[in-house]
Amino acid sequence: MNLFIQLMINGLIVGALYGVVAMCFVLIYKASQVVNFAQGEFLLIGAWVCWWLLTKQHLPFIWGFLISLAFMTLFGVLIQIVVLRPLIGEPVISVIMVTVGLSIFFQALMKWMFGVFAQPFPKIFAVTSVNILGLPVQSVYVMSLGVSLLIMLGFGYFFKFTRMGLAMRATAYNQTVAASLGISVKQVFALAWGISAMVSTVAGVVVGVVNGVSSGLSGYGLKVFPASILGGLDSIIGGLVGGILVGLMENLANFFDSQYLHWGNLYDVVPYYVMIVILMVKPYGLFGTEDIERV
Amino acid sequence: MSSVGMRPCGDYKTDYGRDQTIFETTTARNFVIAGIVLACLMPLVADRYVLSLMIQIGYLGIAALGLNILVGFTGQISIGHAAFFGFGAFTSAYLNNHFAIPVFFCIPLAGLATAVVGFAFGLPAARIKGLYLAIATLAAQYILEDFFARSYWFTGGPSGSIAQPFTLFGFSFDSDRSYFYVVLAYTIVAYLLATNLMRSRDGRALVAVRDHYLSAEMMGINLTKYRTLSFAIAAFLAGIGGALYAHYLSVVSSEGFNLLLSVQFLAMVIIGGLGSILGSLLGTVFMVLLPEAMDAGTRALSGTWIDTALGLKDNVVFLRDMAIGAVIIGFLIFEPDGLAHRWRQIKAYWKLYPFSY
């Protein structure tokens, strides 16, 4: 039972991170109708940049972190302008493939620049673990949960109360109408990519602090798909809920696998099975817009 | 994809027969025949290395053709093609090892078995499209990969499974030189079948589903049938390609059929030209030769300052992956219709020479 609770807490924390990444993914999808297969690479690049600043340039954590955030925002905007903008109006397959190409390219580039081995972050916290419900939980995890919550609140505020957030929502709703009301759709696209890359970096750094930075980080980009399909591809809240559900699901599968079934590797595939079922039964997910077409 | 049906001006067809011929001109037909004859003579002159490259082009080209029918002609997206390729490879080896079916029959049977699996994963395609489909096929990739890693009875686990060489009437095609003809025969048949498919009602229905599925449905095309059919055809060809791969390498292990291979298949199709039969082959040639060209470049540069600065020898794997990614991005931005389009332009140039209009 103890193991069960431990796994559920793990699931919640990892799930919150999935949720954050899924939110970034949904943000790009909502704003610019691009399914971003390179979302995981945003985490990867952000984490590596932060790691490089901390260990090679010996910056204090806060500065390294902020500089990598700024860098990644620029990076996201640049990717949108250089690679995605020429493809506006091309078929879906081209846009998907270009992000797949980006993912392959940057994954290899990162391996080339930083090697294939996981590198640990320098120690950031004095206390390594705290007690929650009588269970030891690493303080990084607590921080990550806190950071995730902060990001979510930030997203909520941004979309609800700021001018730019409103412009983004308008663009997501209908590009043509938004453009005719004087919203610069190009700016919105670029900004969406910038924000998405930045927030992904936060997630990347958190995971990097916990597990070390390695190319495995880009796997988070693929976990986003079950999460956002579960929650609904065009719902930011959905991405969040879906992420947490996927995190819980993985750990639940892991629990049953290790305790009863002993099939092995269930942890990795269960989200995909669930995703297939969701796609068959309720393709628009829990919170997505029901897109009904009748002929 | 837009210019696939593009015809130069002054190209008037007066009857349906002429519109549907496989080869538009006798020159085109003669070229293809000459190409096949040339390919048949290749084993006499080429060394083992060139032959192995050509065999690779053959079996990958068959699988890429399947993907092009799915992605280029029907407009369905699949990111799980490598898994089907792998399934074909394992099935052929399994049938041969456990039921003692001759390899000659195993290869088409593997194709059929893969088609059934493709059909099963294509079923969601009846309900979903576009992005959702891409994600569903991503799930297919992971589920099949997990299946390969899990089922020792089928794949032989980490050590892989042994595939016997191709035999016919007691003659064993176990050298590159002889196996080349097997692959060549399969490639020719697959490409002829695909070309013929595209001339038939079914082929045109697939294109109609791609171009405007609502109009297609109104014209009496059964969307569900053609979407799943397209998945089955794609998986069938992938299975054939995979089986040929298995009996060429004679050992199949489950690691190779990952997402990267799926992406490479997609890259072949995109580089060659979506919705072009010839393009599938051109794209495959490009993708097979790309790493070879990079290796050659690395060898040529070894010892120079570029080599020492970049550490080429240790990093050529990463550079190859980067090149694949960069090539995909570059083609999509600068030449979205692929090499087939370039080829059409070259043809048009010579047809109209010396006047450009």
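The values are calculated or read from the model by the stated rules, or taken from the named source; none is laboratory data. All values reported here derive from a predicted model rather than from experimental measurement. Backbone-built Cβ (ideal geometry, glycine too); neighbour counts: all protein chains shown. For the accessible areas, the whole protein counts, side chains as well, though only heavy atoms, and no ligand, DNA or RNA atoms are used. Shrake-Rupley method; radii C 1.70, N 1.55, O 1.52, S 1.80 Å.
Taking the conditions exactly as written (within 30 Å of residue B:213 (Cα to Cα) and either within 18 Å of the chain's Cα centre (by Cα) or open to solvent by less than 10 Å² (accessible area, probe 1.4 Å) (or both)), does residue B:114 satisfy them or not? Quick ask: steps written out before the conclusion?
Working: within 30 Å of residue B:213 (Cα to Cα): yes; either within 18 Å of the chain's Cα centre (by Cα) or open to solvent by less than 10 Å² (accessible area, probe 1.4 Å) (or both): yes.
So residue B:114 passes the test.
In this structure, is residue A:138 at the interface with another protein chain (Cβ under 10 Å from one of its Cβ atoms), open to solvent by 50 Å² or more (accessible area, probe 1.4 Å) and either modelled with pLDDT under 80 or within 30 Å of residue B:258 (Cα to Cα) (or both)?
On the way: at the interface with another protein chain (Cβ under 10 Å from one of its Cβ atoms): no; open to solvent by 50 Å² or more (accessible area, probe 1.4 Å): yes; either modelled with pLDDT under 80 or within 30 Å of residue B:258 (Cα to Cα) (or both): yes.
The answer is no for residue A:138.
Sort out which residues of the range B:22-51 are within 15 Å of residue B:278 (Cα to Cα) and without any contact (Cβ under 8 Å) to a residue 60 or more places away in the chain, and write them in order of number.
Once the filter is applied, which keeps residues that are within 15 Å of residue B:278 (Cα to Cα) and without any contact (Cβ under 8 Å) to a residue 60 or more places away in the chain, the range B:22-51 yields B:23, B:24, B:28, B:29, B:31, B:32, B:33, B:35.
One residue is enough: does the range A:56-74 have a residue meeting the conditions over 17 Å from the mean Cα position of the chain (by Cα), within 14 Å of residue A:200 (Cα to Cα) and among the small types (Gly, Ala, Ser)?
Among the residues of the range A:56-74, at least one is over 17 Å from the mean Cα position of the chain (by Cα), within 14 Å of residue A:200 (Cα to Cα) and among the small types (Gly, Ala, Ser), which makes the answer yes.
What do you reckon, is residue A:76 surrounded by fewer than 19 Cβ atoms within 10 Å (Cβ to Cβ), more than 14 Å from every other protein chain (Cβ to nearest Cβ) and not in a loop (DSSP other than H, G, I, E, B)? Walk me through it before giving the result.
Numbers: surrounded by fewer than 19 Cβ atoms within 10 Å (Cβ to Cβ): no; more than 14 Å from every other protein chain (Cβ to nearest Cβ): yes; not in a loop (DSSP other than H, G, I, E, B): yes.
When the stated conditions are applied, residue A:76 does not pass them.
How about the range B:164-193: which of its residues are part of a helix (DSSP H, G or I) and of a type in the set (Phe, Trp, Tyr)? Please lay out each step first, then the result.
If we filter the range B:164-193 for residues that are part of a helix (DSSP H, G or I), which is where we start, we get B:176-193.
Within the range B:164-193, B:179, B:180, B:181, B:186, B:191 meet the criteria.
Looking at the range B:149-208 only, could you name the residues that are closer than 13 Å to residue B:103 by Cβ and loosely packed, with under 13 Cβ neighbours inside 10 Å?
B:168, B:169, B:170, B:171
Tell me whether the range B:102-113 contains one or more residues that are within 17 Å of residue B:241 (Cβ to Cβ), touching a helix residue (DSSP H, G or I) at 6+ places or on another chain (Cβ under 7 Å) and within 14 Å of chain A (Cβ to nearest Cβ).
No; the residues of the range B:102-113 include none that is within 17 Å of residue B:241 (Cβ to Cβ), touching a helix residue (DSSP H, G or I) at 6+ places or on another chain (Cβ under 7 Å) and within 14 Å of chain A (Cβ to nearest Cβ).
Out of the range A:227-249, which residues are among the polar types (S, T, N, Q) and crowded, with 24+ Cβ neighbours inside 10 Å?
Of the residues in the range A:227-249, the ones among the polar types (S, T, N, Q) are A:228, A:235.
Residue satisfying the conditions is A:228 alone.
Please enumerate the residues belonging to the range A:18-50 that are of a type in the set (A, V, I, L, M), under 14 Å from the mean Cα position of the chain (by Cα) and in a helix (DSSP H, G or I).
Looking only at the range A:18-50, we keep the residues that are of a type in the set (A, V, I, L, M), and these are A:20-23, A:26-28, A:31, A:34-35, A:38, A:43-45, A:47, A:49.
When the remaining residues are screened for being under 14 Å from the mean Cα position of the chain (by Cα), the result is A:20-23, A:26-28, A:35, A:38, A:43-45, A:47.
Correct list: A:20, A:21, A:22, A:23, A:26, A:27, A:28, A:43, A:44, A:45, A:47.
Out of A:12, A:53, I need the residue that is part of a helix (DSSP H, G or I), without any contact (Cβ under 8 Å) to a residue 24 or more places away in the chain and over 10 Å from the mean Cα position of the chain (by Cα). Which one? Don't jump to the end; show me each part of the working.
On the way: A:12 fails: without any contact (Cβ under 8 Å) to a residue 24 or more places away in the chain.
From the options A:12, A:53, the qualifying one is A:53.
Quick one: in the range B:139-166, of everything that is touching a strand residue (DSSP E or B) at 6+ places or on another chain (Cβ under 7 Å) and β-branched (Val, Ile, Thr), which residue is nearest to residue B:44 (Cα to Cα)? If you could, list the steps in order and put the result at the bottom.
Step one: list which residues in the range B:139-166 are touching a strand residue (DSSP E or B) at 6+ places or on another chain (Cβ under 7 Å), which gives B:155, B:160-163, B:165-166.
Filter once more, keeping what is β-branched (Val, Ile, Thr): B:155, B:162.
On the way: B:155: 36, B:162: 29 Å.
Looking at residues that are touching a strand residue (DSSP E or B) at 6+ places or on another chain (Cβ under 7 Å) and β-branched (Val, Ile, Thr), I get B:162.
Using the structure shown, decide if residue A:64 is in contact with a Leu (Cβ under 8 Å, 6 or more places away or on another chain), in a helix (DSSP H, G or I), more than 14 Å from every other protein chain (Cβ to nearest Cβ) and farther than 26 Å from residue A:227 by Cβ. I'd like the intermediate steps shown before the answer.
Values: in contact with a Leu (Cβ under 8 Å, 6 or more places away or on another chain): yes; in a helix (DSSP H, G or I): yes; more than 14 Å from every other protein chain (Cβ to nearest Cβ): yes; farther than 26 Å from residue A:227 by Cβ: yes.
Yes: the conditions hold for residue A:64.
Can you find a residue in the range A:247-265 that is within 13 Å of chain B (Cβ to nearest Cβ), within 25 Å of residue A:103 (Cα to Cα) and not in a helix (DSSP H, G or I)?
yes
Here's a check for you: in the range B:95-107, which residue that is open to solvent by 50 Å² or more (accessible area, probe 1.4 Å) and not hydrophobic (A, V, I, L, M, F, W, C) is farthest from residue B:240 (Cα to Cα)? Reasoning before the result, please.
Within the range B:95-107, the subset open to solvent by 50 Å² or more (accessible area, probe 1.4 Å) is B:97-100, B:102, B:104-105.
Among the residues that remain, those that are also not hydrophobic (A, V, I, L, M, F, W, C) are: B:97-98, B:102.
Values: B:97: 17, B:98: 19, B:102: 15 Å.
Among those residues, the one meeting the criterion is B:98.
Evaluate the following for residue A:102: is it under 16 Å from residue A:27 (Cα atoms) and modelled with pLDDT of 85 or more? Quick ask: steps written out before the conclusion?
Working: under 16 Å from residue A:27 (Cα atoms): no; modelled with pLDDT of 85 or more: yes.
Against the criterion (under 16 Å from residue A:27 (Cα atoms) and modelled with pLDDT of 85 or more), residue A:102 does not qualify.
Return yes or no: is residue A:99 polar (S, T, N, Q), open to solvent by 10 Å² or more (accessible area, probe 1.4 Å) and more than 8 Å from chain B (Cβ to nearest Cβ)?
Values: polar (S, T, N, Q): yes; open to solvent by 10 Å² or more (accessible area, probe 1.4 Å): no; more than 8 Å from chain B (Cβ to nearest Cβ): yes.
When the stated conditions are applied, residue A:99 does not pass them.
Which members of the range B:321-335 meet the condition of being acidic (Asp, Glu) and either assigned to a helix (DSSP H, G or I) or facing chain A (nearest Cβ under 9 Å) (or both)? First the steps, then the outcome.
Our first condition is that a residue be acidic (Asp, Glu); within the range B:321-335, this holds for B:321, B:335.
Passing the criteria: only B:321.
Please name all residue pairs, on different chains or six or more residues apart, with Cβ atoms under 6 Å, provided the first residue is in the range A:94-119 and is closer than 17 Å to residue B:273 by Cα and the second residue is of a type in the set (Val, Ile, Thr) and outside any helix (DSSP H, G or I).
Once the first residue is closer than 17 Å to residue B:273 by Cα and sits in the range A:94-119, its partners that are of a type in the set (Val, Ile, Thr) and outside any helix (DSSP H, G or I) give A:95/A:34; A:96/A:35.
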